[in-house]
Every structure is written in structure tokens, then in C-alpha cells.
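The values are calculated or read from the model by the stated rules, or taken from the named source; none is laboratory data. Source: prediction; values computed, not measured. Because the Cβ atoms are built from the backbone with ideal geometry, glycine has one as well, and the counts that use them run over all protein chains shown.
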Amino acid sequence: MTTKNRYAEYDSLASMYDDQGTERHDLVVEQLEKLVLQHLHKSAHILDVCCGTGQIAQRLIQKGYQVTGIDGSEEMLCYARKNAPNAEFILEDARFFKFSSTFHAVISTDVGLNLVTTIEELQKVFQNVYQALRENGIFVFDLYVEELCIEDWQRTKIQGEAKENNAWISEFDYDTEKKIGCDRTTRFELIDGQWQRSNMTFRWKLYSVTDVKSTLAKVGFTDIVFYDIKNDFGVESSGHIGCFVACKG
Ligand SMILES: C[S@@+](CC[C@H](N)C(=O)[O-])C[C@H]1O[C@@H](n2cnc3c(N)ncnc32)[C@H](O)[C@@H]1O
């Protein structure tokens, strides 16, 4: 991977991201079980795109699957290699990776693909996933979608949390014209007795279900289904998330 392609914005968030409870990851794997795992054989090879700190990968490894994770943040991958030592992790940008057709399933969880901020780039991600899948392989990913989130995103929000060794505060606002939510986070971390401050800005694109479905179809995916995680699975999460399932071939 070239430094040009490297997605490093998440580096400074890695320790905080790794410090989340286990509940979300367990719920995600429960949903994956219903949507994709039950259709795979027990030693299937799964690609986790935007794998973060490897918490999902580790749970899949425990179930007996082979897992490869890609992420654009080297720091996220450092945690992933510790959390899931038996998985393979590669520093790659979801928009540019090229793998041969070896995977039985590709997953992308916790709305990592909303960080891909144009439909053209999202299409490139879908093309790369399509190429990486075997025939009849399954692609599952979750996403904030316009239909479920627009009202909530239009309200400016300030959130934060203070723990013993770290604290953060974030402000979120939404650009209605560009359909981009902007999250500005300031974080304080106690390192060797000194509080260190870092500022981060993340941009989340809000896509419509129709645009995502048509982009998947353009790339060649079939049997495309959308689920509302709250209404279809009864799962409350930090935002109202949707989930897409699509097949190659
Ligand atoms: C919200 S986290 C999700 C992590 C993981 N999927 C999970 O469920 O815990 C989003 C991840 O996407 C990664 N990411 C964002 N844009 C990326 C890109 N273009 N290519 C590769 N990774 C990317 C970030 O580095 C971060 O680790």
C-alpha cells in the first residue's frame, strides 16, 4: 500500500475505539450469524473490510473461520493483531485493494463504508469486494442510510465521555446539500502522567438505500436485500443503522 492510499485519520482514535465494551461486537456477530455465517461452511475464508481493531475478526476466528482483515489505519491494525493473533491483517485502503477471488464472504461492520464519501468511490469499494469474492460469495455491510437517519443527523449534537485515563468530546453537524455529516472530536489521553490532546475530524456520507442498491447492481451483485437493524432485528444501536446483503453470481 502506498502512503498516498493510506487512510490514517483513524490512527489517533485506535486506543479509544479498542476500549469499547464487548456488547456491540457480540450483537454484530449475532446478526452476521443470521445473515451470512449460517450459509458458510465452518472453515470458510472471510474478508473483513475496514476491520478496525479486529474485535469482529477474533470472534469469527473463535468460530473456526479463516479471516483476513484490511484497514487503512496502521494503529487500528496494531490492536487488531493483538486482539486476533490468528487472523491475517493487511494495511489497505478499501477503495484501492485488489485480491483474487478467494473469499466465501466479505463483511464490513460498524458503518466503516460511510467514511467513503462519494458514490464513485463506494462503487470502487464494491468492485474490489466483487473481485475478491468467489462465485456465490456473500457481501454483508452495514451503513447509515438517508431514509433512517436524516432527521437525527439534521440535529446538531454534542456528545462526550470521561474515563479515568481518557476523555473525549465531539460535535456533529450535517451539510444537507453535500449529504455529509461532520464529526469533530477532541480527545485527551493520560500518557506517562501527562495529558495529551488530539483533534480529529471525520466525515460520514449519507447514502440512500436506492443509490446503494443500484450501485451494487451496477457492479454485478444480485439478490440485494436491505434490512433496518432496529425494526427487522430489534437491535438498538448508537445510530439507526441499515444493513445490505448481496451475492456474487
Ligand atoms: C467505525 S470503524 C469500524 C471498525 C470495525 N469494522 C468494527 O466493526 O469494529 C471504521 C474503520 O474503517 C477504517 N477506514 C475508514 N475508511 C477506510 C478506507 N477508505 N480504507 C480502509 N479502511 C478505512 C478506519 O480506519 C476504521 O478502522
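When you look at Gly137, is it outside any helix (DSSP H, G or I), touching a Lys or Arg at 6+ places or on another chain (Cβ under 8 Å), in contact (Cβ under 8 Å) with a residue 24 or more places away in the chain and not assigned by TED's automatic domain parsing to the domain that holds Val28, yes or no? When the stated conditions are applied, Gly137 does not pass them. State all residues of the range 130-141 that are touching a helix residue (DSSP H, G or I) at 6+ places or on another chain (Cβ under 7 Å) and either under 23 Å from Leu27 (Cα atoms) or not aromatic (Phe, Trp, Tyr) (or both); if no residue qualifies, say none. Answer for the range 130-141, where residues must be touching a helix residue (DSSP H, G or I) at 6+ places or on another chain (Cβ under 7 Å) and either under 23 Å from Leu27 (Cα atoms) or not aromatic (Phe, Trp, Tyr) (or both): Ile138, Phe139, Val140, Phe141.
A residue that is buried (at least 17 other Cβ atoms within 10 Å of the Cβ), touching a Phe, Trp or Tyr at 6+ places or on another chain (Cβ under 7 Å) and assigned to a strand (DSSP E or B) occurs somewhere in the range 145-152.
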